[in-house]
Every structure is written in structure tokens, then in C-alpha cells.
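To start, the structure itself, in C-alpha cells.
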Amino acid sequence: MKNKIVILSIVCFVIIIIQSCQKNEHLTGGQYNVSTSTDTLLFDTIFTTIGSTTKHFKCYNNYNGVLKISSLHLAMETNSPYRINVDGKSGVLFEEIELLPGDSIFIFVEVTIDPNGQNLPLVVEDKIIFNTNGNEHQVVLNAWGQDAYFHVNELVEGQWLNDKPHVIYGVAAVGFPNLDSGKTLSIDPGTTIHGHANSVLYVYKSSLEVNGTLNDPVVFQQDRMEDYLLYPADSVAGQWRGIYFFQPNQSSITQTEIKNAVVGIQIDTLQNNQFVVLNKVKINNSLYANILTQGGNVIASNSLFANSNNYSAFISIGGHAEFEHCTFANYWYGFRNTPTFVFKDYYQSINEQLIFRPFDQATFTNCIMDGNGNTEFVCDTLGKDASGFDVNVLFDHCGIKTEDTISNASLFVNCFPNLNTYFKNPSEWDFDLSDSSELIDLGKSSFITEDILNRVRIIPNDLGCYEFQ
């Protein structure tokens, strides 16, 4: 009996050892990678003097074996303003870190920045990179580099002053579903607004009033101001999301430049008798479209919708659209197979059914639709015969670049196909008319007495947002 107990004890001990060895097996397959408690570490304290702060996150091994991190390092290495501490040791590079089954480690991150240093970017970014079994995992580090107003996933209203830049990180929302609406945000002349990657100024059932002037315009742009390795920072489209109106109340944007967004201005499904009014606005270098409307109410005058990776304007599926003395011109430097200007009054449902969404009114008067492609204008409407409804769109005294015929008298009145625009320097975003332009003096009489630069319009008016002087 005693021998049986001894043998049984030995067997149990051997099983425990085997199980322990199996549990602590080193995991080397590509399917095994570390996990972290966050993918972005945001240092959201606004410093006013040279400051230092520390944050931390955890790195996990969620498997039943030993996980080895080959290397853990800061992407900028010794040039980084950040310092990391792993298991009580400080540095910029750590190698051969083993995590036992189900174990975790704390990683502490410290940053020291003078936010008043004008040579720093608005947001100072670096990354911690983990290399494990051939896999790369990143944790992004962000801290404020200059003194500014930072709007980090917050509801905003009231007045934005022009004494410091405003930086949008995530969403700055004037109203938000199930939280708030009926608010107003007013932006002072001369204010600069910088959007971080994927950030958006979102206006929901509220009002936005942007009050730029010719000498003190309001500027919306990206937060990266230093140049890329091969490109100027100001030449790269899509660096932030843009301004997004959803069912907004009456809003206005005046003497404002919006650039380098994904969509400069998007207007979706406005409420009745509520308009977004654009006056002397420049939108340039968007990744998808400078202006995109989907059932929106918009009145635009003396405005420029210029270079874009895809569309300068995509006006679609209903609403009320009035554009007068506007220039839609796309001389994008890269490959593009999309037209400058698209008008469309239907969409295709998921079961391939055509859904007609007529406009209450859509008029384009004294406008230019031009670019460096062969066809820069598309009017894609179902038409009255197909829909049974009036399409309610009119192009009146417009210069249009197209290979298609524009002879339909119900859609086009005194329009001018394929004339030479001869902008001064479209590659440098200068869409003023040169003295060789064939669009001078072709405009219809208008109540608009100035151009985008406040220059007096002389009858007969020139087409587009600039009056040749």
C-alpha cells in the first residue's frame, strides 16, 4: 500500500512538471503577438512653461506560453522628446523581454516639451514599436507642442478667439445626437483652426458662424506644419476630415480658406428653410471632394472649389442648391479619372433599385466648371421622362468643359462649352483670370457687386469667383 502511494505521488509530480513545462513553452509562431491596453497615449495637459508629465499603459501576454518581445523601442529613438521605462529601466530601446503566460508589464512614458517653442509642431508625435515573432504592434504617443486651444472629443459652443490657434483632436461637436443641439459656435476673424488626422468639426442641428474678412481670413488646415521628406506639408490632401454639417440650423462661412481635408465641407439632409451660406470661401486640395452635399441646402457666392484628388464638387440627391459666381476648377497634379463637377439626383439602393431624390431647386449661375481633364462636368439626372417629376436644375451662363453635348434648353441657358479659361497659375492654386481668358465679360447681370477679393464687378460680369482687373 505504501509503495502504491509513493508511485502515485511520483506520477502526480511528473504530471505537474510536464504540465508546467508545456504551459511555459516559448511561443514562436506568427499568430502570437502582444496586446496593449491602448493604441494611443494622449498627453492632454496644456503646458504653459517647460513641463513634464508621465503616463502609463500595460502590455499583455494573453496566451498559455512564454511570449518573447524581440524589441521594444521609440520610433524616433534618441531624437524623441519621450522617454520610456520598462520594468524599472529607462531608455529608448529594450530587447528580449519575456512575458510569462497571462502576465503583463507596465510601460511608463514621460515627455518633456516647451509648448511655447515656435519651432515645434502643434502636436508632437512618436510611436512605441513592439516586434514580436515577426509582428509589429504600435502605440502612438501624442502631446501638445505649442500653446493653443485644444478641443479633444468635446462639445463646443460660444466663441473661438483668434489669440491662439485652435487644434481639433478627434471630434469638436457643435451639438451631437442624444446629447445636445440648438447650439451656436462663432469663430472670430483671423482665427486658425488645425485638424489632427481624422479629426472633424461636426455641426449637428446647430449653427456655425465663421466670420473671416479679406485681411483677416479664417483658415482651416491640418496640424502638421513641418514638411514631409519629399513633399511640402501644404501639398498633401486628406490630413484631417473637414467640416461636417448634419441637419444644421442656419449657418454661414465668410472669407475662409479650408484646405488639405478629406472633404472640405459636407452638408447632409438639412432641415427645411435652414441654409449653409458660403460667401468668398476657398476650398482646396481635398482628398475626396471640396464640397459634398447629400440633400443639403446651400447658397454659395464668390467661392472657389479648386484642386482635389477626386471632385471639386459633388452636389447630390436633393435639397436646395444655389451657386453664383463660383469657380469649380481641378488641376490636380496626380492621376485623376473623376470629373471636377458632378450633379446627381438619384442613388442606387443595395438591391440595385434607382431611388430618385429631386432637388427643390438647383441653380448654377455665372459659374466655371473646368480642369485639366477632357470632361470635367457631369450632370447625371433621371430626367422628367424617367422620373415623372421636374428635375429643377438650371445652368445659366456657365463655362463648362465637357465632351458631351449641352444643348438641352431646359437644363442649359447661354452656357459656353470648352472655352479657354487661362487661369493665372492653377498649379499654385491661383485661379484668378488672366487677360487671355475667354470667360471675361460673359456673365449674366447679377446682384453680386464684388468678387472674392472684394474687387468691384463691372457689367458685363466675368464668369467665376474672380473679376478680371
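Here are some pairs, Lys127/Lys344; Lys127/Lys164; Lys205/Lys259; Lys127/Lys424; Lys205/Lys282; which of them have Cα atoms lying more than 32 Å apart in this structure? Don't jump to the answer; show the numbers that get you there.
Values: Lys127/Lys344 43 Å; Lys127/Lys164 27 Å; Lys205/Lys259 24 Å; Lys127/Lys424 43 Å; Lys205/Lys282 24 Å.
As for pairs spanning more than 32 Å Cα to Cα, those are Lys127/Lys344; Lys127/Lys424.
Give me the Debye-computed log₁₀ of I(q)/I(0) at q = 0.08, 0.09, 0.10, 0.12 Å⁻¹ for the chain, equal point scatterers on Cα only, no solvent, two decimals.
-0.60, -0.71, -0.83, -1.04
For labels at Ser104 and Ile406 in the simple 7 Å Cα→Cβ model, what's the distance in nm?
Spacing of the two 7 Å Cα→Cβ label points: 6.2 nm.
Angle check, please: helix 2-23 long axis (alpha carbons) against the longest principal axis of the chain (alpha carbons), in degrees 0 to 90, nearest 10.
Here the helix axis deviates by roughly 30 degrees.
Quote the relative contact order of segment 94-230 in percent (integer), defining contacts as alpha-carbon pairs under 8 Å separated by 6+ residues.
19 percent
If each DSSP helix of 4+ residues adds -39,500 (n - 2.57) and the sum is divided by the residues in the chain, what number results at 222 nm, nearest 500 deg cm²/dmol?
Values: 2 runs with 27 residues, N = 469.
About -2000 deg cm²/dmol.
Could you tell me what percent of the DSSP beta bridges with both partners in the chain are antiparallel, to the nearest 5?
30 percent
What aspartates and glutamates could a cross-link reach from Lys58, if we take a straight Cα to Cα line under 20 Å and drop same-chain neighbours fewer than 8 places away?
Asp39, Asp44, Asp87, Glu95, Glu96, Glu98, Asp103, Glu110, Glu125, Asp126, Glu136
Divide the volume of the convex hull of the Cα atoms of segment 260-416 by its number of residues and quote the answer in cubic angstrom per residue.
114 Å³
List the aspartates and glutamates whose alpha-carbon lies under 17 Å from that of Lys444, not counting same-chain residues fewer than 8 positions away?
Reachable aspartates and glutamates: Glu322, Glu324, Asp396, Asp462, Glu467.
Please give the Cα centre distance for segment 399-414 versus segment 74-106, rounded to the nearest Å.
Going from one Cα centre to the other spans 65 Å.
Output the relative contact order of segment 201-260, whole-number percent, from Cα pairs under 8 angstrom with separation of 6+ residues.
About 58 percent, as a whole number.
How large is the convex hull of the Cα atoms of segment 35-142 per residue, expressed in Å³ as a whole number?
Value for segment 35-142: 93 Å³ per residue.
If contacts are Cα pairs under 8 angstrom and at least 6 residues apart, what is the relative contact order of segment 312-448 in percent?
This gives 21 percent for segment 312-448.
Give me, ordered by chain and number, the residues 5 or more places off Thr191 or on other chains with an amide H under 5 Å from its own placed amide H.
Here Val219 satisfy the definition.
Which far-off residues, 5 or more places away or on another chain, put their amide H under 5 Å from the one on Lys183, with H placed in the peptide plane?
Ser207
Could you give the dipole magnitude of the chain about its Cα centre, charging the beta-carbon of Lys and Arg +1 and that of Asp and Glu -1, in debye to the nearest 20? Don't skip to the answer; put the middle values down first.
Numbers: 26 positive and 51 negative charges, 355 e Å.
With only Lys, Arg, Asp and Glu charged at Cβ, the dipole is about 1700 debye.
Compactness ratio of segment 195-242: Cα Rg over 2.2 N^0.38 Å, N = residue count? Show your work: numbers first, answer last.
On the way: Rg = 13.5 Å, N = 48, 2.2 N^0.38 = 9.6 Å.
In units of the 2.2 N^0.38 Å rule of thumb, it is 1.41.
List every residue whose amide H lies under 5 Å from the amide H of Phe359, counting only residues 5 or more places away in sequence or on a different chain, with H placed 1.01 Å from N in the peptide plane.
Those qualifying (amide H under 5 Å, at least 5 residues apart or on another chain) are Gly318.
Here, each number is a calculation from the coordinates, and none is a lab measurement. In this text, all values refer to a predicted model and were calculated from it rather than measured experimentally. FYI the Cβ positions are ideal-geometry reconstructions off the backbone, even for glycines, and counts take in every protein chain you see.
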